Amino acid sequence: MNAIAIVGAGPRGTGILERLGASAPDLLPGGLDVHLVDPYPAGAGRIWRHEQSPLLAMNSMAADVTMFTDESVICDGPVRPGPSFWDWVQTGPEVDPELRDELSRVTASTFPSRRLQSAYLGWVLRHVIAGLPDGIRVHVHRTRATGLTEDGATQILHLAEGAPLRVDTVVLASGHLDATPTDDELALVARAAERGLRYLPPEQTTDSDLSVIAPGETVIARGLGLAFVDLVVLLFEGRGGRFEPDGDGLRYVASGQEPRLVAGSPRGAPYHSKTHYQLKGGRPPLPRFFGPDATDALATPVDLRRDAWPLMAKEIAWGWYHELFVGHPDLVTTSWEEFADRFAALDWDSPAMDALIAGTVPDAGDRIDFTALDRPFEGLAAASLEDLQPLVRDRIALDLHRHVDERHTPYLGAFVAMLSVYGETGRLTLSNRSRATDMGWWQGFFNSVASGPPGFRVRQLLALSRAGYVQFLGPGMWVEIGEGEFRAGSAALDGAPPVTSTVLVDARLPDMSAARSVDPLVASLMRDGALSEDVIVDADGTVLRNTGQILVRPADGAVVDAGGRVHPRRFAIGPHTSVTVAGAFTRPGMNAQSLRYNDAVARAVLQSLPRGAERASAA
């Protein structure tokens with residue numbers, strides 16, 4: 001009997017299991033034991049576990065979440081459609097009693113709680129297991145994997161509790177991995193302790209001990225992404241504050257237990273709100289300019305900014321203008337067909353393209369602006385922190401309006417195109433220098449546009465800002481440590497006195513580092529040289545960047561050891577690996593990269609098994 005162990009039973013592990021079941025009848029008819037190993041609840045995993053604050057919400061609408069392939073997905077394995085989150089809600093599923101009221105109020109455009117998503121993910125796992133082919137048995141081990149050794153070709157997975165598992169193949173699907181602080185962060189911890197200051201290094205905000213932050217004190221927060229949004233939820237609503245309607249916005253009613261946050265980041269702006277509308281013009285025809293044919297035709301090695309970005313930008317703009325012309329024909333001066341033909345014939349960054357757009361889109365606000373998308377606070381400056389706040393609020397409020405008002409659905413067209421572009425960037429063979437520099441910029445840009453919070457969270461931030469509980473430093477944030485205080489400022493406040501505090505929170509996830517991982521399995525494999533990190537080296541041998549990600553073979557996730565050897569029976573998938581995909585679940589109808597890659601890895605896993613390898617060689 002063949003056997004597989006999947007370490008990580010959250011949505012990524014569930015996705016691999018579903019794809020194993022889809023392809024097993026073709027690649028491995030007969031028996032198969034699959035062991036799911038995770039100390040957290042199977043299905044939900046750590047990030048989506050039920051045991052977290054009920055205040056925390058998803059950053060996706062109910063209609064935009066699925067774990068299943070559909071007719072849009074192009075993969076080698078069979079497509080097996082299944083219920084999206086919204087489909088599941090409409091079946092009236094049995095849920096924990098404390099979730100029933102929320103379940104009854106969910107609509108397609110609701111941003112559900114993470115607890116309700118936990119219930120969906122648990123149901124998906126049970127649904128997948130129930131639908132597996134005869135002969136596939138699943139064993140769930142609610143414990144932590146601590147080591148991996150070999151006995152000949154047999155993989156021996158050691159567990160914190162229970163006997164070791166003897167299997168043929170192991171898949172590491174653990175999701176986000178915690179890491180010990182970097183040398184700089186450790187030095188900051190030590191210096192802060194010497195001066196009687198408190199420093200909270202990067203970690204999952206939901207697991208942070210926020211009790212060290214006292215009511216009423218000023219806290220410097222570095223980072224304005226999703227970890228910052230969670231921080232705000234837990235420090236304000238989580239401490240008894242509440243929001244009440246106030247005209248078109250909200251008013252914050254304090255509990256007296258909250259601190260005052262002064263927050264910033266290099267970009268200086270919170271992530272763009274998620275859009276709260278649907279496409280009026282239907283899904284744009286994608287890919288158009290940045291699909292497999294275009295990426296394969298680029299001369300290698302590719303410089304992302306020079307060679308690929310003009311095509312990427314044109315593709316994103318194609319999504320924007322398709323929605324504008326088809327969904328809002330009253331805002332343009334010609335038909336989509338005429339515009340599309342002329343658009344397709346022109347280079348993106350050219351005077352002729354600029355002239356076409358200016359001549360057919362009268363309102364400049366209806367034209368895509370990549371600078372504004374990437375750097376929303378560009379040019380902001382003020383003489384003091386207080387003077388900066390209304391300027392920041394105006395820009396945040398305008399951006400929010402454009403993401404919730406159906407007059408501005410081209411933003412969603414661009415978002416859909418950006419997802420398509422993101423899935424294709426993995427096909428690029430970039431130069432090492434471009435990988436080291438440009439990919440970090442692209443990932444940050446993508447996150448700020450595509451991974452933002454729901455609009456109601458942005459309204460809450462604005463209410464907290466108006467009430468004086470949250471202040472923004474603007475772009476170009478800097479932090480330094482003095483004898484008895486942290487000091488912070490920004491490029492937007494040049495010449496203004498710094499903000500001072502005895503508390504600094506790095507409101508972000510830890511930098512990826514397999515070498516510093518606190519996961520015992522990954523740490524032991526790194527010590528043994530059985531895993532390696534993806535280190536980007538220049539032609540002269542200079543290390544340009546250590547990504548900290550586990551190095552895997554791009555095609556199928558097979559791990560690469562310290563000697564550069566690909567292991568035939570060890571695989572890894574997820575954000576901790578050198579193949580980055582956008583999320584473990586996705587929007588329906590998007591030919592999602594995550595679902596395609598799950599399929600590729602699962603099929604490679606099946607073909608690695610003794611009987612699977614025999615069938616693969618015979619074919």
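The values are calculated or read from the model by the stated rules, or taken from the named source; none is laboratory data. Being a predicted model, the structure only gives us computed values, none of them experimental. Positions of Cβ are backbone-derived with ideal geometry, glycine not excepted, and every protein chain shown enters the neighbour counts.
It is to be established whether one or more residues within the range 283-298 are basic (Lys, Arg), assigned to a helix (DSSP H, G or I) and within 24 Å of the chain's Cα centre (by Cα). No, that holds for no residue. Within the span defined as the range 348-356, one or more residues are closer than 30 Å to Ala582 by Cα, of a type outside the set (S, T, N, Q) and out of contact with any strand residue (DSSP E or B) (no Cβ under 7 Å at 6 or more places or on another chain). Here Tyr321 passes the criteria (1) buried (at least 19 other Cβ atoms within 10 Å of the Cβ); (2) modelled with pLDDT under 95 except the one numbered (2). Scanning the range 478-512 for residues that are under 24 Å from Leu380 (Cα atoms) and acidic (Asp, Glu) gives Glu480, Asp494, Asp506.
Looking across the range 456-467, just one residue is under 22 Å from the mean Cα position of the chain (by Cα) and surrounded by fewer than 19 Cβ atoms within 10 Å (Cβ to Cβ), and that is Phe456.
Considering the range 327-355, the residues that are more than 21 Å from Phe290 (Cα to Cα) and in contact (Cβ under 8 Å) with a residue 12 or more places away in the chain include one that is surrounded by the fewest Cβ atoms within 10 Å (Cβ to Cβ), namely Thr333.
Restricting attention to the range 500-528, the residues that are within 21 Å of the chain's Cα centre (by Cα) and without any contact (Cβ under 8 Å) to a residue 24 or more places away in the chain add up to 0. Filtered by the rule that a residue be free of Cβ contacts under 8 Å to residues at least 12 places away in the same chain and more than 22 Å from Ile4 (Cα to Cα), the range 529-575 gives Asp540, Gly541, Thr542, Val543.
When the helices (runs of 4 or more DSSP H) confined to the range 517-619 are screened for residues that are surrounded by fewer than 19 Cβ atoms within 10 Å (Cβ to Cβ) and at pLDDT below 95, those reaching at least 3 such residues are found at 610-618.
Screening Ala352, Ala358, Ala344, Ala340 for residues that are in contact with a Leu (Cβ under 7 Å, 6 or more places away or on another chain) and in the same structural domain as Asp438 (by TED's automatic domain parsing) leaves exactly one candidate, Ala352. Exactly one residue out of Thr66, Thr110 is polar (S, T, N, Q), in contact with a Ser or Thr (Cβ under 6 Å, 6 or more places away or on another chain) and either crowded, with 19+ Cβ neighbours inside 10 Å or free of Cβ contacts under 8 Å to residues at least 40 places away in the same chain (or both): that is Thr66.
Pro497 meets the conditions (1) under 20 Å from the mean Cα position of the chain (by Cα); (2) under 29 Å from Pro266 (Cβ atoms); (3) in a loop (DSSP other than H, G, I, E, B) in every case but one. The failed one is (1). The residues on offer are Gly282, Gly249, and the sole one that is under 30 Å from Tyr321 (Cβ atoms) and either touching a helix residue (DSSP H, G or I) at 6+ places or on another chain (Cβ under 8 Å) or of a type in the set (Val, Ile, Thr) (or both) is Gly282.
Checking each residue in the range 165-205 for being more than 26 Å from the chain's Cα centre (by Cα), within 26 Å of Leu551 (Cβ to Cβ) and in a loop (DSSP other than H, G, I, E, B) picks out only Asp168.
Within the range 256-264, is there a residue that is out of contact with any strand residue (DSSP E or B) (no Cβ under 9 Å at 6 or more places or on another chain) and outside any loop (DSSP other than H, G, I, E, B)? No, the range 256-264 contains no residue that is out of contact with any strand residue (DSSP E or B) (no Cβ under 9 Å at 6 or more places or on another chain) and outside any loop (DSSP other than H, G, I, E, B).
Can you pull out every residue in the range 1-22 that is out of contact with any Leu (no Cβ under 6 Å at 6 or more places or on another chain) and more than 19 Å from Phe85 (Cα to Cα)? Correct list: Met1, Ala3, Ile4, Gly8, Leu20, Ala22. Checking each residue in the range 468-481 for being touching a residue at least 40 places away in the same chain (Cβ under 8 Å) and surrounded by fewer than 17 Cβ atoms within 10 Å (Cβ to Cβ) picks out only Gly468. Checking Val253, Val212, Val232 one by one, the residue that is within 21 Å of the chain's Cα centre (by Cα) and outside the structural domain of Phe445 (by TED's automatic domain parsing) is Val232 and no other. Screening Gly240 against (1) buried (at least 16 other Cβ atoms within 10 Å of the Cβ); (2) out of contact with any Leu (no Cβ under 6 Å at 6 or more places or on another chain); (3) modelled with pLDDT of 95 or more leaves a single unmet condition, (1).
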